[in-house]
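Written out below as structure tokens is the structure these notes cover.
Computed from the coordinates by the stated procedures, all read-outs in this text should not be read as laboratory data. Just so it is clear, the structure is predicted and the values come from calculations on it, not from any experiment. Here the Cβ positions follow ideal geometry from the backbone for every residue, glycine too, while neighbour counts run over all protein chains shown.
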Amino acid sequence: MALSRAWATSSYSNSDGDNCVQVRRAGLAGVQVRDSKDPDGPVLTFTAAQWHAFTTAIKNGDMCDPGCGS
């Protein structure tokens, strides 16, 4: 997912809106993440390096519970 300054919902979020995460580029701060069900709630901010490490770990299966993806 290419990130912009506008909030974007993950294509992996379910369609009924119960499990949606939104992300956006946050200028020099890196990346911000929020729960779409609570747009005025807390926002997590990650540096570019932290976001890269997180997404790389997911892509490599390092954040997967036993049996996921099977």
task: At 7 Å along the Cα-to-beta-carbon direction for both Ser36 and His52, put a label point, then send me their distance in nm to one decimal.
output: 2.8
message: In the range 22-39, whose amide N lies under 20 Å from the spot 7 Å out along Cα-to-Cβ of Thr45? List them in ranges.
response: 22-36, 38-39
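Nearest 0.05, what FRET efficiency do Met63 and Leu28 give at R0 = 25 Å with Cβ-Cβ as r?
Values: r = 26 Å, r/R0 = 1.05.
The formula returns an efficiency of 0.45 here.
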- prompt: Which ³J(HN,Hα) values, rounded to whole Hz and listed in residue order, are derived for the range 40-51 from phi using the Karplus coefficients 6.51, -1.76 and 1.60 in 6.51 cos²θ - 1.76 cosθ + 1.60 with θ = phi - 60°, glycine and proline given as x?
  reply: 9, x, x, 10, 8, 10, 10, 5, 4, 5, 5, 5
